[in-house]
Amino acid sequence: MSAQPEKNSGLVFEERKDFILTKGKHRQQLKCEADSLAGCVSQRACVYCGARVVLNPITDAVHLVHGPIGCASYTWDIRGSLSSGPELYRFSFSTDLKEGDIIFGGEKKLARAIDELVGKYHPGLVLVYSTCIVGVIGDDLEAVCRAASERHGIEVLPVQSSGFIGNKSAGYRAACDALLRIIRPPEGKGPPGTKKINYLGDFNLAGEVWIIKGYLKQMGVDMNVSFTGDSRYETLQRAAGASLNIVQCAGSMIYLANKLEELYGIPYLNVSFLGLEDTAQSLRKIASWFGDGGITARAEELIERESARAGKRLSWYRERLQGKKAAVYVGGGFKAISLIKQFRELGIDVVMIGTQTGRKEEYETISEMVDEGTVVLDDANPSELEKFMLEKGAHLLVGGVKERPLAYKLGVAFIDHNHDRKHPLSGFVGAVNFAGEVYSTLCSPVWKYVGGGIL
Amino acid sequence: MSDKTVHCRNYNENPCSMCMPMGGILPFKGIGQSMVIIHGSQGCSTYMRRHIAEHFNEPIDVASSSLNEKGTIYGGEENLKKGLDNLIKAYRPRVIGVLTTCLAETIGEDIDRIVEEYRLERGLGQECSIIAVPTPGYGGTHFEGYWLALKELARLAGRVPKHSRINVIIPNLSPADIREIKRILGLMKIEYILLPDFSDTLDRPFERPYKKIPGGGTELSDIMAMGGSRATIQMGMTVDERLSPGKYLEKEFGVPLYNIPVPMGIEGTDTFLGLLSRISGHPAPEELSRERGRLLDCMIDSHKYNFRGRSVIFGEPELVGAMAATCIENGIFPVVLATGSKTEKLSRLLQPWLEEHHIKCLFLTETDFFTIREQAVRGKANIAIGHSDGRYLTEREGIPLVRAGFPIHDRVGGQRLLSVGYAGTAMFLDRITNTLLENKYSNYRSSMYRKFYRGDEKDAVPAGKSR
């Protein structure tokens, strides 16, 4: 089973040629971080989406969308972020703006909505997301939030996420700006010399933050607060009390990490807990940063034990998956880079790889890592995904909900690497889950039948 | 006998509706060789694609004019024209729906002018029709978006010689339901024009090579002929006249309009078949009579189980109306009927049914799932019927949910759910009856034990609770 190659070498959209390169064939750098091309059916979302993705896992906040109903409707409890307690984040609140509100302004309605919600749920934090029209009708979100904050003695923060002001990355930044306003300066001078770290860029999908927290604990390191998986208002406020930040999803959180370094002198390390290699390497990196023999020894012990256990199972999968070809289309660069390594661990070649919002330096890393002939592309669309999957003979696609039916219609296996998955892909356990999922989709009996007809 | 509440608050908590352009996409997906472009920011089309794709498990390609800050300030005309260029280049559609968004409408885009200008500038002739539909997200729900798009499509109809075909205009049903309606029309030997028809386009077979635009859908030439049809049957009892394609065809071309409910249940299906018979002069064939008999048999077999059901039904008004009537026929009396749309017609439609059986039922319009949940508990509902967004009724209140309507994104097979016609109704009823039975079997031992052996009245499990 693999996508059937078709002869079609020309690009569908000439204007997209700088955003696509084939390693070995093209020398130029890949263009990225630009506006999407109108009409080409980009897979990207908007600023609001980026902000919502980052902030929604704060479990005890009221997440209020100031806008028409759709924006709140499409983002209601669609993600697999778990909570160890509060469940308020799973509710989707909207000011449900109607025609009259557009004409006369939505500020008063917003203020009343905040009042009612605070009276009902008594949150410490209300996050108010702006949507496209709020940016246009000129509601002063900042002022409404400030007044509400004073009225109730709680934190009410605007999130400047009007959809049209950029792409998803701008939403990450808007979210980080809101987070920065929550974080309180540390008491006393500078970060205390504790062994507490913040974990940035994990949204606790299927408990992934908990998995990493467990590893760190075994090493003798405490997790101070995670951004933002299973986080709460109160714990977020204490973020400046950590001695180190580790950053996983760099696309969404590197801005916050830099700011925390600048404001509170907290250094950061880039990490990734996707795949055996990255997980082990990241744990070592953290241990060596502390320069504590005990931590290092415990880390090595953990890595040895877990790698041995996971390695055994991975080699079983590797024997069965070796030589298959994968295509990857995910949200950010960090995930893409980790996936190349993870597929390598399974003996699978990546023949096409792209992201919605990867950054220049991430694409440089990707281009270095992949084999000659691999297609690298930014901000792709269904036409290009189809074309390159077929041309490259991919057996498997990694992507999100929108990409899944395309893969299946092409007769190609599929891995859900998105925010609504219900099983962890992080850490040693996640690496085994990932291999298991690859096996379950590549080696399913159904593919035996897709080639033929009734007679 | 029914109470009415009108939902009016300053916020919506857990929406029971989606936005207008989302609803507008669906009819266009049921037109042959068509594509849609959303005039707005990139996220709108992406969210809607994701939402629709998850329900149908089909690739849903919808373009966007990708309005950015510049376009928002200086007008999005250039973006839209460029978007149309690229869309045509990649997809070569015969029909293009241009749907607006909150953003486009608020900045005052004159969509009709832009489209007209575009046609002239590019010298587009008959090979491609572009239909603009103003669908601001704040203008209504997806229900209104769906019907407005249909009405704009109906406006393609021209003055043609009278012919013997019948227009059949349908609401947002599952592809399986659409196929069943086509089968019934075939059995009745009716020549028809079905609008829209996404039975193939949104539930396509696996086949190679992959086509960017799936085959099937209502042909443009058929839509153009709708003005000459013998009659229009529109399953749109709750549709406002301003949005009614059937009304438009009647006013403009004098095509008689028969507005009927979705053919579900005995009465609903009888009405449909009776009407077909009356218009065409063809009697219902033996096959359909046997299906009716089988449905009656099913209803009798299950009636006592069904009578234990106290239902909360929610979703798009048209479907809620049909499902409620079907439930009432079978003694699964509703305690709450709810929709996110604004409509007076739903309660008016069901009033005679409720009065006949002395049912006390609460109507919720423009509502959200916070209110539905609250009222379902108050009304002691023990079965919920509607789309996936009702899942908290199960998770939080232990009221089992029979999934029906759109969207169904936490289970597979939304596109294959069959609920119309006699045969489909039997399947719909079986899903409900079996859910009631499952709930009963999994609770009655512990419930009776607590109630009678331990004598703990307080602890007895209420009707809908599984805990």
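The values are calculated or read from the model by the stated rules, or taken from the named source; none is laboratory data. Keep in mind that what you see is a predicted model, and the values were worked out from it rather than measured. Virtual Cβ from ideal backbone geometry, glycine too; neighbours counted across all protein chains shown. Please note that ligands, DNA and RNA were not included when accessible areas were found on the heavy atoms of the full protein model with its side chains. Shrake-Rupley method; radii C 1.70, N 1.55, O 1.52, S 1.80 Å.
Normalised by the number of residues in segment B:20-154, what is the relative contact order in percent for Cα pairs under 8 Å and 6+ residues apart?
RCO, segment B:20-154: 38 percent.
Can you spot the lysines whose alpha carbon is less than 23 Å from A:Lys285's alpha carbon? Ignore those fewer than 8 places along the same chain.
Those lysines meeting the cut-off are A:Lys195, A:Lys196, A:Lys213, A:Lys217, A:Lys259, A:Lys335, A:Lys341.
Per residue of A:399-410, count partner chain C-beta atoms within 10 Å of its C-beta, then hand back the mean as an integer.
The per-residue average across the peptide is 5.
Direction-averaged shadow area of the convex hull around the Cα atoms of segment A:196-303, nm²?
Here the figure is 6.2 nm², rounded to one decimal.
What nm value, rounded to one decimal, do you get for the distance between A:Gln218 and A:Ile103 when each label is placed 7 Å out toward the C-beta?
Placing both labels 7 Å along Cα→Cβ, they lie 6.4 nm apart.
From the Cα trace of chain B, what convex hull volume per residue do you get, rounded to a whole Å³?
So the per-residue Cα hull volume is 151 Å³.
Okay, helix-only estimate at 222 nm for chain B: each DSSP H run of n ≥ 4 adds -39500 (n - 2.57), divide by all residues, round to 500 deg cm²/dmol; what do you get?
One gets -14000 deg cm²/dmol as the mean residue ellipticity at 222 nm.
Given a Förster distance of 25 angstrom, what is the FRET efficiency for B:Lys211 paired with B:Glu395, based on the Cβ-Cβ distance and rounded to 0.05?
For B:Lys211 and B:Glu395, the calculated efficiency is 0.05.
I want to check the label-to-label distance for A:Glu234 and B:Lys89. Put each point 7 Å from Cα in the C-beta direction and report it in nm to one decimal.
5.7 nm
Counting only Cα, what are the radius of gyration and maximum Cα-Cα distance Dmax of segment A:387-433, in Å?
Gyration radius and largest Cα-Cα distance of segment A:387-433: 12.1, 34 Å.
Report, in cubic angstrom per residue, the convex hull volume of the C-alpha atoms of chain A.
159 Å³
Need one value for B:65-74: mean number of C-beta atoms belonging to other chains within 10 Å of its residues' C-beta atoms.
Per residue, the number of nearby Cβ atoms from other chains is 5 on average.
Per DSSP H run of at least 4 residues, take -39500 (n - 2.57); add these up for chain A, divide by its residues and hand me the 222 nm value, nearest 500 deg cm²/dmol.
-13500 deg cm²/dmol
If we sort B:313-319, A:29-35 on the protection proxy, mean other Cβ atoms within 10 Å, highest first, what's the order?
In descending order of packing, they fall as B:313-319, A:29-35.
Kindly point out which whole DSSP H helices in chain A project their C-alpha atoms 15 angstrom or further along the helix axis while averaging a Kyte-Doolittle hydropathy of -0.5 or above.
Once both thresholds are applied, what remains is A:141-152, A:168-182, A:208-219, A:250-264, A:276-290, A:333-345, A:427-442.
Which lysines does A:Lys108 reach when only Cα atoms under 17 Å apart count, and residues fewer than 8 places away in its own chain are ignored?
In chain and number order, the partners are A:Lys98.
What is the log10 of I(q)/I(0) for segment B:166-280, computed with the Debye formula using one identical point scatterer on each Cα and no solvent, at q = 0.11, 0.13, 0.17 Å⁻¹?
Normalising to I(0) and taking log10 leaves -0.37, -0.51, -0.85.
Going by a ≥ b ≥ c, the root eigenvalues of the Cα gyration tensor, does segment B:20-154 fall in the rounded group (a/c under 1.5), the prolate group (a/b larger than b/c) or the oblate group?
rounded
Applying 1/(1 + (r/R0)^6) with R0 = 35 Å to the Cβ-Cβ distance of B:Glu121 and A:Thr365, what FRET efficiency is obtained, to the nearest 0.05?
Once rounded, the FRET efficiency stands at 0.20.
Which net charge results for the neighbourhood of B:Leu185, defined as the other residues with beta-carbon distances under 15 angstrom from its beta-carbon, given Lys and Arg at +1 and Asp and Glu at -1?
With Lys, Arg at +1 and Asp, Glu at -1, the neighbours total 0.
I want the local charge near A:Lys108. Using Cβ-Cβ distances under 13 Å, sum +1 for each Lys or Arg and -1 for each Asp or Glu among the other residues.
Taking every other residue near A:Lys108 into account, the sum is -4.
Determine the principal axes of the Cα atoms in segment A:1-149, then give the extent along each, sorted from largest to smallest and rounded to whole angstroms.
Here the Cα extents, ordered largest to smallest, are 62, 41, 26 Å.
So what does A:Val432 come to for accessible area, using a 1.4 Å probe and Å² rounded to 10?
About 20 Å², ignoring ligands and nucleic acids.
Leaving ligands and nucleic acids out of the surface, order A:His63, B:His358 by accessible area at 1.4 Å, largest first.
So the residues, ranked largest to smallest area, are B:His358, A:His63.
Rounded, prolate or oblate: which fits the protein assembly as shown, taking a ≥ b ≥ c as square roots of the Cα gyration tensor eigenvalues, rounded meaning a/c under 1.5, else prolate when a/b beats b/c?
prolate
Explain nothing, just the number: relative contact order of segment B:95-236, from Cα pairs under 8 Å at least 6 residues apart, as a whole percent.
This gives 28 percent for segment B:95-236.
At a threshold of 8 angstrom on Cα-Cα distance, excluding pairs fewer than six apart, so keeping six or more, what relative contact order does chain A reach in percent?
20 percent
So for the protein assembly as shown: antiparallel DSSP bridges make up what percent, rounded to the nearest 5?
So the antiparallel bridges in the protein assembly as shown amount to around 10 percent.
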